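Let me begin by presenting the structure, written as structure tokens, before commenting on it.
The values are calculated or read from the model by the stated rules, or taken from the named source; none is laboratory data. The structure presented is a predicted model; accordingly, all values stated were derived computationally and were not measured. Positions of Cβ are generated from backbone atoms using ideal geometry, with glycine treated the same way; all protein chains shown enter the neighbour counts. What goes into the accessible areas is simple: the full protein's heavy atoms, side chains included, and nothing from ligands, DNA or RNA. Shrake-Rupley method; radii C 1.70, N 1.55, O 1.52, S 1.80 Å.
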Amino acid sequence: MIKTVGGVDLTLKPDGSVWIYRNTKNKASFMVNDNGEVSYDDPFGNYMTSSPQQIRINFEHFVLKNYGDEIRRSDGTRMLMMPKKDIQEIANKTFYADDQFHVIDFLTFIITEEK
């Protein structure tokens with residue numbers, strides 16, 4: 001089920017918890033998996049994850065295995081493995097478009113609807 005609050009699509013699991021936060025204004029998205037690990041696509045084209053990942057780009061195989069591992073793409077964007085807390089802090093700063101109401105606090109996961 002998807003609920004939209006202040007330009008942010010909240011994809012809900014059957015238990016009512018939010019799984020994916022997608023900003024419809026700037027295409028940023030933040031995902032929380034069942035283990036509590038997170039991944040974030042910022043509005044600038046960068047991707048961050050708190051869990052190990054195997055990634056294929058143009059048939060080339062890459063691995064993000066340790067915090068600090070990074071893949072630099074030809075367009076200047078990056079894919080990084082970082083601690084969850086760091087990703088949450090970056091999402092709090094970059095998830096929203098200018099002058100957009102901050103629906104979710106990514107440090108506490110508290111959702112606030114506009115008044």
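Per-structure values
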| item | result |
| --- | --- |
| From the coordinates shown, semi-axes √(5λ) of the Cα gyration tensor in Å corresponds to which of [x] 23, 21, 11; [y] 19, 15, 14; [z] 25, 16, 13 | [z] |
| Cα-based helix-to-principal-axis angle, 84-94 vs the chain, degrees rounded to 10 | 60 degrees |
| Fraction of accessible area attributable to carbon and sulfur, segment 26-115 (%, probe 1.4 Å) | 47 percent |
| Sum of -39500 (n - 2.57) over DSSP H runs of 4+, divided by residues of the chain (222 nm, nearest 500) | -3000 deg cm²/dmol |
| Entries in 3/84; 65/85; 25/85 that, when Cα-Cα distance is taken, lie over 20 Å | 3/84; 25/85 |
| Accessible area expressed per residue, segment 38-115, with surrounding protein chains retained (probe 1.4 Å, Å²) | 65 Å² |
| Charge sum, other residues only, whose C-beta stays under 13 Å from residue 107's C-beta, Lys/Arg counted +1 and Asp/Glu -1 | 0 |
